[in-house]
Amino acid sequence: MERGLDSRPTPMYSSCPVCHATGLKGLWEVNGYTIARCSACFLVFVQNEVTAGELAAHYASIEAEADVYDQPNVECLNYYYRKLADMIRRRFPQPGKVLDVGCSHGWFLDVMKDWECHGNEIVAADAQAARERHGERIVTGSFEDYPLREGYFDVITLQDVFDHLRYPMPALEKCRRMLRPGGLIVIKVHNISCLYARLMGSSFYAIVPPSHLFFYDRRTLTRVLSDSGFQVVESKFIGHVLKMKTVFLRLSRGRQRSPFYRAYRALDDTALGEIKVRKNLHDIITVLAVKAA
Ligand SMILES: [Zn+2]
């Protein structure tokens, strides 16, 4: 996770990537990256201009040490997915066309399967898993390379994706173009302003550059969306269901020397570790926004 000592220093953003103000305040150094806050719009972000190659190497190293990261648990994820699907169906009683950006194995699309389901996934093995159930409407690759379909979709979702993107504003512009008028964008990210995040500071589990490059809250998300031609219509802190062992894995942030990681290993493959706990620390925010006319 640490940036190599021989890695050349990356250039730093001198202004806010969203509002372009130059008043930036350094908050923390984490994993060799500087995390800063814009004094004008309060956006928190990695100030280093991370390159595509650097990210590719980072994700390759994560895959190599997959052991220290969460194994997805569909049963737990479905708790969230069903709540989100209900929120979407209240606005769209008739099935439409949905695109899930970063669709992983296609689990969210599974709960939307009465809709015309499309997915985009950068990890080839995950995309292939989604394709087995959702067919050729799953496109492997980055969202930047996803074919542009003007005005096609009723709903586009970005769940645990938006805070990973190097260039969030062009991604929102692409979403806006691909939605029909009145179409809905759904963004789910970690909430940097929840009490838990404030208490934890740079130890908040979502502060994991360069995986996460931006750290949003309701205010900054609303700002980036309204700047991109969307009107926020709903924002919600939906709780999650986690296994007990996963709680400790999250607290360890994948650091094998952490006492939380030792607790996780002790709980792994035990009945106690499998107990499900419902958590809602307001640390996850889901925002729904409509494409403005
Ligand atoms: Zn700003």
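The values are calculated or read from the model by the stated rules, or taken from the named source; none is laboratory data. What you are looking at is a predicted structure, and each value in this text was computed from that prediction instead of being measured. As a convention, Cβ positions derive from the backbone with ideal geometry for all residues, glycine included, and neighbour counts pool all protein chains shown.
Quick look at the values:
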| quantity | calculated |
| --- | --- |
| Yes/no for ALA206 being closer than 29 Å to ALA21 by Cα, small (Gly, Ala, Ser), part of a loop (DSSP other than H, G, I, E, B) and at pLDDT below 95 | yes |
| All positions within the stretch 264-277 that are part of a helix (DSSP H, G or I) and of a type outside the set (D, E, K, R) | TYR264, ALA266, LEU267, ALA271, LEU272, GLY273 |
| Hits in the stretch 88-121 (condition: buried (at least 23 other Cβ atoms within 10 Å of the Cβ) and part of a helix (DSSP H, G or I)) | PHE108, LEU109 |
| The lone exception for GLU234 - which of (1) part of a loop (DSSP other than H, G, I, E, B); (2) among the acidic types (Asp, Glu); (3) in contact with a strand residue (DSSP E or B) (Cβ under 8 Å, 6 or more places away or on another chain) it fails | (1) |
| Residue tally, condition surrounded by 11 or more Cβ atoms within 10 Å (Cβ to Cβ) and touching a residue at least 60 places away in the same chain (Cβ under 8 Å), over the stretch 49-58 | 4 |
| Qualifying residue in the stretch 72-85 (condition: free of Cβ contacts under 8 Å to residues at least 24 places away in the same chain, farther than 30 Å from LEU267 by Cβ, more than 16 Å from the ligand (Cβ to nearest atom) and out of contact with any His (no Cβ under 8 Å at 6 or more places or on another chain)) | no |
| Pairs, first of a type in the set (Lys, Arg) in the stretch 11-29, second within 11 Å of the ligand (Cβ to nearest atom) and outside any loop (DSSP other than H, G, I, E, B), C-beta under 7 Å, six or more apart | LYS25/ALA36; LYS25/ARG37 |
| Per-region count, the stretch 250-263, residues part of a helix (DSSP H, G or I) and out of contact with any strand residue (DSSP E or B) (no Cβ under 9 Å at 6 or more places or on another chain) | 7 |
| Long-range neighbours under 8 Å by Cβ, at least six apart or interchain, first residue of a type in the set (Ser, Thr, Tyr) within the stretch 31-42, second near the ligand (Cβ under 7 Å from one of its atoms) | SER39/ALA21 |
| ARG176 vs. criteria touching a Lys or Arg at 6+ places or on another chain (Cβ under 9 Å), part of a strand (DSSP E or B) and charged (D, E, K, R) | no |
| Some residue of the stretch 33-43 being in contact with a helix residue (DSSP H, G or I) (Cβ under 6 Å, 6 or more places away or on another chain), more than 10 Å from the ligand (Cβ to nearest atom), closer than 22 Å to ARG219 by Cβ and at pLDDT 95 or above | no |
| Test result for VAL46, at pLDDT 95 or above and either within 16 Å of the ligand (Cβ to nearest atom) or farther than 21 Å from ILE207 by Cα (or both) | yes |
